[in-house]
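In what follows, a structure is listed as structure tokens, so that the remarks can point back to it.
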Amino acid sequence: MYNGRVSIPFRAIVFDFDGLIVDTEQPIYEAYSTIFAELGATLPLSVWQDVIGQGAGTDAAFIHLEGIIGREVDREAIRAEARAMRRDVTLMLPPRDGAAELIAEAKQAGLALAVASSSTSAWVNGHLDRLGLLSSFDAVCTRDEVERAKPDPALYCLALERLGVEPHEAFAIEDSPHGVTAAKAAGLRCVAAPNPLTASMDLGHADCLLPSMAGVSLADVVAGLS
């Protein structure tokens, strides 16, 4: 039985993965920035923010690159190069401060937990497994299981279906504008917990904004949604 001092008016939480549970966003951005620089272009954060939360949806960045250098590029080759550049770094990344603690507290409270991620199943499950977090989740929903990734609500709808809960019985925790949009479109309330890369982005459509998950209890999160 959960011994928290407040009741929890939800049955489930759906977590984003990249940038939220593990801050993979910074290495990804740095890898693409390095490759773009080698090709003679910069990659402003204002361009990259249209990519964050969409997984493989890097078309906006490539359109920007091709517009600057005046020719088409091999997008798949660049994606592969970026994955190779970030691999060793991301395999060493710990959970974001407070993330593992919040997951553990939610499990103790008896809430059902899911991940809704625009990354692939192999990527998400692999990281959750190496961090010892995979068993905490009742469902892991990834982009290879839906036709459209975020900001489309399909991933969140799939998570709700697998958890067997209605939208009003769950809330989401996201780090990016696209993620918040997806959660809200699926009918969930949404907490935004941005990472350093997304902290300057517009997350005003979230129901609650957490500057950090460090030291934040489940009761604090629920209070922010009330």
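Please treat every number below as a calculation from the coordinates, not as lab data. Because the structure is a prediction, the values reported are computed rather than measured. Please note: Cβ atoms are built from the backbone with ideal geometry, for glycine as well, and neighbour counts cover all protein chains shown.
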Review point. What trypsin sites (Lys or Arg not before Pro) in the stretch 140-226 are in a loop by DSSP, with at most 15 other Cβ atoms within 10 Å of the Cβ?
Key: R148
Review point. So what's the back-of-envelope 222 nm ellipticity for the chain, counting only DSSP H runs of four-plus at -39500 (n - 2.57) apiece and dividing by all residues, rounded to 500?
Key: -12000 deg cm²/dmol
Practice item. Any chance you could give the angle, 0 to 90 degrees and rounded to 10, that helix 75-90 forms with the longest Cα principal axis of the chain? Key: 50
Practice item. Among E76, E25, E101, rank each residue by its count of other Cβ atoms within 10 Å, from fewest to most, as a rough exposure measure. Key: E76, E101, E25
Practice item. Give, in nm to one decimal, the length gained when the segment between A80 and D144 is fully stretched (0.36 nm per residue of separation minus the Cα-Cα distance). Key: 21.3 nm
Review point. In whole Å, what is the distance between the alpha-carbon centres of the stretch 114-178 and the stretch 192-210?
Key: 18
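Please give me, ordered by residue number, the GluC sites (Glu not before Pro) of the stretch 115-171 that lie in loop per DSSP and have at most 15 other Cβ atoms within 10 Å. Walk me through the numbers on the way to the answer.
Numbers: sites: E145, E147, E161, E169; in loops: E147.
Loop-located and lightly packed - E147.
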Study note, to complete from the structure: Which residues qualify? For V140, with a placed amide H closer than 5 Å and at least 5 residues away or on another chain, they are V115
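What's the exposure ranking of M85, M92, going from fewest to most Cβ atoms within 10 Å? Walk me through the numbers on the way to the answer.
Details: M85 17, M92 8.
By the 10 Å Cβ count, ascending, the order reads M92, M85.
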Practice item. Find how much the distance from S135 to S212 grows on full extension, using 0.36 nm per residue of separation minus their present alpha carbon separation; answer in nm with one decimal. Key: 25.3 nm
Review point. Quick one: what Rg and Dmax do you get for the stretch 25-90 from the alpha carbons, in Å?
Key: 10.9, 32
Point to revise | Listed residues A37, A77, A214, most fluctuating in the chain (Gaussian network, C-alpha, under 10 Å) | key: A77
